[in-house]
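The values are calculated or read from the model by the stated rules, or taken from the named source; none is laboratory data. Bear in mind the structure is a predicted one, so any value in this text is a computation, not a measurement. FYI the Cβ positions are ideal-geometry reconstructions off the backbone, even for glycines, and counts take in every protein chain you see. Note: accessible area is taken over every heavy atom of the protein model, side chains too, but ligands, DNA and RNA are not part of it. Shrake-Rupley method; radii C 1.70, N 1.55, O 1.52, S 1.80 Å.
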Amino acid sequence: DAKTTQPTSMDCAEGRAANLPCNHSTISGNEYVYWYRQIHSQGPQYIIHGLKNNETNEMASLIITEDRKSSTLILPHATLRDTAVYYCIVRAYIQGAQKLVFGQGTRLTINP
Amino acid sequence: SQTIHQWPATLVQPVGSPLSLECTVEGTSNPNLYWYRQAAGRGLQLLFYSVGIGQISSEVPQNLSASRPQDRQFILSSKKLLLSDSGFYLCAWSNQVNSPLHFGNGTRLTVT
């Protein structure tokens, strides 16, 4: 499985864009990048995923570099409820099931 | 729409007692099912996954076992709990085809 590297923690002001970086320099050509977040004492919540093109949904945007060795999750207008641990994961398959290996993630704090 | 249910939300059990945590999924058929554990202050660790009824794969050796008696039911068990079994247990599901994992709200287990 490709490993990911994320900053341990980040701060962002409420209303500003939060940009969370992730390095995955050993990613394989058919591996997707997934982003999840975990609000305290809750199960992880899926945010977005992508292969090589940039992606956008109602929650966030995902920017993947052309060489696919890194990506950035963008929360365009952060709110206090976006305070959470954000996980960048490169997915692998095992016998038809998905194996998501969660690292330590980035603890994002949105400040008022 | 699909929903996932886990219970109980919290559980306190003495060392040596048995354990049974249940997870059910609604609104989909033949899902992949997963059990994750999160120890205090640590990332999520995949414990078991299942691609079908009666098919269980274990990711790490441990004091726990899993079973899938029905298509949308996944059970995590132990005959005798250890202190080290304390943690936050999360069930998740995904479709057989390429799709994100969706997590339940978890069970916080404290072994005393």
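For every residue, the table says whether it meets (1) within 16 Å of B:Thr107 (Cα to Cα); (2) of a type outside the set (Asp, Glu); (3) in a strand (DSSP E or B).
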residue	(1), (2), (3)
B:Leu21	yes, yes, yes
B:Tyr36	yes, yes, yes
B:Ser50	no, yes, yes
B:Pro69	no, yes, yes
B:Lys80	no, yes, no
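So, of the residues in the stretch B:52-62 that are in contact with a Lys or Arg (Cβ under 7 Å, 6 or more places away or on another chain) and part of a loop (DSSP other than H, G, I, E, B), which turns out to be surrounded by the fewest Cβ atoms within 10 Å (Cβ to Cβ)?
B:Gly54
Look through the stretch B:7-45, keep the residues that are under 26 Å from A:Thr106 (Cβ atoms) and among the polar types (S, T, N, Q), and return whichever of them is least open to solvent (accessible area, probe 1.4 Å).
The first filter runs over the stretch B:7-45 and keeps only residues under 26 Å from A:Thr106 (Cβ atoms), leaving B:34-45.
With the extra rule that they be among the polar types (S, T, N, Q), the set shrinks to B:38, B:45.
Details: B:Gln38: 27, B:Gln45: 76 Å².
Checked the stretch B:7-45; the qualifying residue least open to solvent (accessible area, probe 1.4 Å) is B:Gln38.
A quick yes/no check of all residues on (1) open to solvent by 10 Å² or more (accessible area, probe 1.4 Å); (2) on the phi > 0 side of the Ramachandran plot; (3) at pLDDT below 95:
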residue: B:Tyr89; (1), (2), (3): no, no, no
residue: B:Ser94; (1), (2), (3): no, no, yes
residue: B:Val97; (1), (2), (3): yes, no, yes
residue: B:Thr107; (1), (2), (3): no, no, no
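Kindly establish whether B:Arg68 is surrounded by 14 or more Cβ atoms within 10 Å (Cβ to Cβ), farther than 17 Å from B:Arg37 by Cβ and charged (D, E, K, R). Reasoning before the result, please.
Working: surrounded by 14 or more Cβ atoms within 10 Å (Cβ to Cβ): yes; farther than 17 Å from B:Arg37 by Cβ: yes; charged (D, E, K, R): yes.
So B:Arg68 fits the description; yes.
Looking only at the stretch B:59-112, filter to residues that are free of Cβ contacts under 8 Å to residues at least 60 places away in the same chain and of a type in the set (Asp, Glu); which one of those is nearest to the other protein chains (Cβ to nearest Cβ)?
Among residues in the stretch B:59-112 that are free of Cβ contacts under 8 Å to residues at least 60 places away in the same chain and of a type in the set (Asp, Glu), the one nearest to the other protein chains (Cβ to nearest Cβ) is B:Glu59.
Pairs please, first residue from the stretch A:37-48 and more than 8 Å from chain B (Cβ to nearest Cβ) and in contact (Cβ under 8 Å) with a residue 40 or more places away in the chain, second anywhere and in a strand (DSSP E or B) and open to solvent by 20 Å² or more (accessible area, probe 1.4 Å), Cβ atoms under 6 Å, 6+ apart in sequence or on different chains.
Once the first residue is more than 8 Å from chain B (Cβ to nearest Cβ) and in contact (Cβ under 8 Å) with a residue 40 or more places away in the chain and sits in the stretch A:37-48, its partners that are in a strand (DSSP E or B) and open to solvent by 20 Å² or more (accessible area, probe 1.4 Å) give A:Arg37/A:Gln45.
Restricting to strands (runs of 3 or more DSSP E) lying wholly in chain A: which have 1 or more residues that are surrounded by 13 or more Cβ atoms within 10 Å (Cβ to Cβ) and of a type in the set (Lys, Arg)?
A:33-38, A:97-99, A:106-111
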